[in-house]
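Notes follow the structure.
The values are calculated or read from the model by the stated rules, or taken from the named source; none is laboratory data. Given the structure is predicted, the values throughout are model-derived calculations rather than measurements. All Cβ positions, even for glycine, are placed from backbone atoms using ideal geometry, and neighbour counts span all protein chains on display.
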Amino acid sequence: MRRAVILCGTASFVMAFLGGILAFSLVAPSLVAAQENRIRADSFTVQDASGADRVRMQQGPGELATVQIVGLNGQNRLGLVYGGPTGENPASVGVRFYNPEHLSRGFLGVLDTPPTNQDAILQLQDDQGRIRLLLAVSPEGEPSIRMLDADGNVTWSAP
């Protein structure tokens, strides 16, 4: 009788152990396969230890995709932009620099909007965000320089 109890106990233990391994091997691969190494979202925000936004990534509408580096005051300080302001210009791509009051101070990139129309440009602005210097290279390779006054009038230019 003692042998029967030991045999039944051992058989039960072995069956439970093998059943656990089988169940785990059937469930674990599907759990691992369900995990992806990417995040899918319309926007993504990175916050610092105090909870303030420091980096914002957004997509859409259309081709538009942006990454904004945010200052402690919550204003954009640096922006990477693709697709133009409305997302309808896939040739538009660039880096925009902002002052602490969130006014644009400069842009470097390619704009696919008038008057530049796919020119590679470097644009510098004053403290009020008005364009004061525009260096451009056309798609045909023609360089130009324009200096503007506060009203946007060209005060000096070279082809």
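In the stretch 38-62, the residue that is nearest to T86 (Cα to Cα) out of those that are over 12 Å from the mean Cα position of the chain (by Cα) and surrounded by 11 or more Cβ atoms within 10 Å (Cβ to Cβ) is G62.
Of the strands (runs of 3 or more DSSP E) contained entirely in the stretch 15-121, those carrying at least 3 residues that are modelled with pLDDT of 90 or more and farther than 30 Å from I131 by Cα fall at 43-47.
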